[in-house]
Amino acid sequence: MKNASMILDRDYVIGRIDPRIYGSFIEHLGRAVYGGIYEPGHPQADEQGFRKDVLKLVRDLGVPVVRYPGGNFVSGFNWEDSVGPVEKRPKRLDLAWFTTETNAVGLHEFADWAKKADTEVMYAINLGTRGPENARDIVEYANHPGGSKFSDMRAANGKKDPLGIKLWCLGNEMDGPWQMGHKTATEYGRIANESAKMMKWVDPSIELVACGSSAYDMPTFGSWEYQMLDECYDNIDYVSLHRYYGNPTNDTPGFLARSMDLDGFIKSVVAICDAVKGKKHSKKTLNLSFDEWNVWYHSNEQDKEIWKREKWGPALPLLEDIYNFEDALLAGSMLITFLRNADRVKVACLAQLVNVIAPIMTRNGGGAWAQTIYWPFLHASKFGRGIALRALMRTPVYDCADYEAVPVIDATATQADDGSVTVFAVNRDMKEDFCLDIDLRAFGNMRPAEHILLHHDDVKAVNTEENPDNVAPTAGPGGTVDSGRAQVKLPALSWNVIRFEKA
Ligand code: AHR
């Protein structure tokens with residue numbers, strides 16, 4: 001068996017983990033809302049039409065924030081369409097996804113769903129076709145206590161108490177030519193700044209996310225961040241990043257190395273934020289909201305066929321990627337990357353949550369089940385809380401098409417407030433098991449508590465409604481701790497969660 005090692009110390013700390021890095025995303029897209037979280041008439045539907053089986057899977061994931069209602073959708077969305085009596089709400093053509101939005105689920109219903117799911121709403125406003133005036137109005141509607149036009153409208157619509165939405169996105173992917181109301185960096189920076197000022201004048205307690213680039217490989221990446229931040233730095237709190245990966249050439253080692261790109265993206269945006277800070281002589285440090293991340297490519301061809309067949313249909317089954325085992329391994333490495341950057345990444349949203357590029361799938365009228373990527377997310381969300389530790393790693397490396405020196409063992413560690421230590425590790429080797437030596441001496445007397453393993457012999461294995469546990473966690477081989485040194489076996493191609501408790 002090959003070897004890798006990790007040295008941990010209670011004083012080697014990256015930072016406190018913001019629980020919101022385990023956020024997710026529900027867009028009015030495909031069957032995320034209609035047929036996903038909401039399906040009146042389904043045997044599992046509650047009195048509001050929300051699926052209880054889906055709610056349970058979401059609650060188990062421990063998602064602290066859910067971004068809503070888009071996505072590309074939000075750039076043509078009028079929030080007023082989504083409140084008031086359902087029968088009076090308009091049906092609108094959604095130019096982002098070429099479907100028809102019925103508005104049967106709107107802001108009030110989603111706020112109710114979020115409560116049931118034990119999560120908070122992260123609300124995106126439309127800065128594509130709209131601007132500062134509507135931005136101000138929706139904050140007044142959602143958060144002002146009463147005695148004004150929009151807060152009284154909220155009360156008349158059945159919610160006397162403010163919704164108390166704390167985290168707001170200033171539009172979505174405004175750098176992308178596909179976006180309704182696409183803007184230049186300076187145009188966007190100006191409108192984001194003016195919206196931000198007015199939104200915070202209505203409610204100074206809110207936090208705001210400005211749109212960074214929609215991907216690291218956008219031609220405008222870098223200059224977009226610098227120019228838009230030059231306009232709005234003082235009035236915003238976070239910059240957004242979005243990134244999706246695929247494996248269209250069926251190159252598993254290359255695909256699993258994609259978290260190197262993620263790390264580079266994060267580090268570059270941090271550098272640009274700090275450059276603008278320096279230029280402005282500002283005392284404020286901006287943090288990052290990685291509010292869309294995932295694997296996304298399996299459904300691309302299928303979606304083209306759907307649009308050919310039935311453009312404008314409501315709740316078309318779009319972006320329904322069926323995730324395989326290697327996707328779960330990359331998702332694990334992406335989560336490890338967020339933990340390694342926990343000093344600056346304060347929000348991250350797995351895009352999305354149900355049916356649309358999602359860890360949870362449903363069948364209309366049928367079951368709900370966990371996809372492969374559900375598991376690393378659940379483990380990180382459950383055990384990756386507290387302090388992110390700076391792990392010193394020694395591991396063999398490999399080269400692939402796009403990267404050199406990719407660590408074969410991709411690992412990091414966290415310490416929870418109860419003192420327990422958790423190691424998260426992906427073994428990227430296609431064939432070789434590894435023995436990971438973990439130096440825990442600085443933590444005193446620790447004993448092994450649990451080794452959770454996700455492995456399948458077939459990297460393309462998937463979960464289905466009929467076989468939902470095909471790729472599911474099992475108990476790992478575990479290990480020993482001797483004089484503060486643990487030895488744990490990491491099987492070839494595996495996701496591992498290794499937990500230690502005070503002895
Ligand atoms: O998550 C799917 C889409 O991906 C979102 O609507 C958009 O923001 C991104 O391009």
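The values are calculated or read from the model by the stated rules, or taken from the named source; none is laboratory data. Given the structure is predicted, the values throughout are model-derived calculations rather than measurements. Please note: Cβ atoms are built from the backbone with ideal geometry, for glycine as well, and neighbour counts cover all protein chains shown. Quick note on the areas: whole protein, heavy atoms, side chains included, nothing else; ligands and nucleic acids left out. Shrake-Rupley method; radii C 1.70, N 1.55, O 1.52, S 1.80 Å.
Below are the figures for this structure:
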| read-out | value |
| --- | --- |
| Pair list, Cβ under 8 Å, 6 or more apart: region 52-73 residue of a type in the set (Ser, Thr, Tyr), other residue in a strand (DSSP E or B) | Tyr68/Phe25; Tyr68/Val121; Tyr68/Met122; Tyr68/Tyr123; Tyr68/Ala124 |
| Test: residue in region 245-268 that is within 14 Å of the ligand (Cβ to nearest atom), over 24 Å from Asp94 (Cβ atoms) and in contact (Cβ under 8 Å) with a residue 60 or more places away in the chain | yes |
| Residue check for Phe325: surrounded by 20 or more Cβ atoms within 10 Å (Cβ to Cβ), closer than 26 Å to Ile26 by Cβ, of a type in the set (A, V, I, L, M, F, W, C) and modelled with pLDDT of 95 or more | yes |
| Number of positions in region 249-278 that are open to solvent by 30 Å² or more (accessible area, probe 1.4 Å), assigned to a helix (DSSP H, G or I) and either touching a strand residue (DSSP E or B) at 6+ places or on another chain (Cβ under 7 Å) or farther than 28 Å from Ser223 by Cα (or both) | 2 |
| Odd one out for Val58 among (1) buried (at least 24 other Cβ atoms within 10 Å of the Cβ); (2) within 16 Å of the ligand (Cβ to nearest atom); (3) within 18 Å of the chain's Cα centre (by Cα) | (2) |
| Phe500 vs. criteria among the aromatic types (Phe, Trp, Tyr) and within 22 Å of Met334 (Cα to Cα) | no |
| Some residue of region 95-106 being at pLDDT 95 or above, closer than 28 Å to Leu318 by Cα, open to solvent by 10 Å² or more (accessible area, probe 1.4 Å) and under 23 Å from the mean Cα position of the chain (by Cα) | yes |
| Candidate set: region 197-227, residues that are aliphatic (A, V, I, L, M) and over 30 Å from Pro162 (Cβ atoms); chosen: the one most open to solvent (accessible area, probe 1.4 Å) | Met218 |
| Candidate set: region 33-50, residues that are of a type in the set (Gly, Ala, Ser) and assigned to a loop (DSSP other than H, G, I, E, B); chosen: the one nearest to the chain's Cα centre (by Cα) | Gly36 |
| Candidates Asp217, Asp327, Asp291 - the one that is within 16 Å of the ligand (Cβ to nearest atom) and part of a helix (DSSP H, G or I) | Asp327 |
| Residues of region 12-32 satisfying the condition of being part of a loop (DSSP other than H, G, I, E, B) and either within 16 Å of the ligand (Cβ to nearest atom) or modelled with pLDDT under 95 (or both) | Ile26, Glu27, His28, Leu29, Gly30, Arg31, Ala32 |
| Any pair with Cβ under 6 angstrom, 6 or more apart, that starts in region 329-340 at a residue that is open to solvent by less than 10 Å² (accessible area, probe 1.4 Å) and ends at one that is of a type in the set (Asp, Glu) and in a helix (DSSP H, G or I) | Thr337/Asp263 |
| Residue match in region 130-143 (condition: part of a loop (DSSP other than H, G, I, E, B), open to solvent by less than 10 Å² (accessible area, probe 1.4 Å), out of contact with any Leu (no Cβ under 7 Å at 6 or more places or on another chain) and within 23 Å of Ala351 (Cβ to Cβ)) | no |
| Scan of region 455-503 for residues that are farther than 28 Å from Arg363 by Cα, in a strand (DSSP E or B) and open to solvent by 20 Å² or more (accessible area, probe 1.4 Å), ordered by number | Ala475, Gly479, Thr480, Val481, Asp482, Arg485, Gln487, Lys489, Arg499, Glu501, Lys502 |
| Qualifying strands (runs of 3 or more DSSP E) (wholly inside region 341-454; at least 2 residues being under 23 Å from Ala117 (Cβ atoms) and open to solvent by 10 Å² or more (accessible area, probe 1.4 Å)) | 368-370 |
| Hey, Pro314 crowded, with 24+ Cβ neighbours inside 10 Å and more than 12 Å from the ligand (Cβ to nearest atom) or not | no |
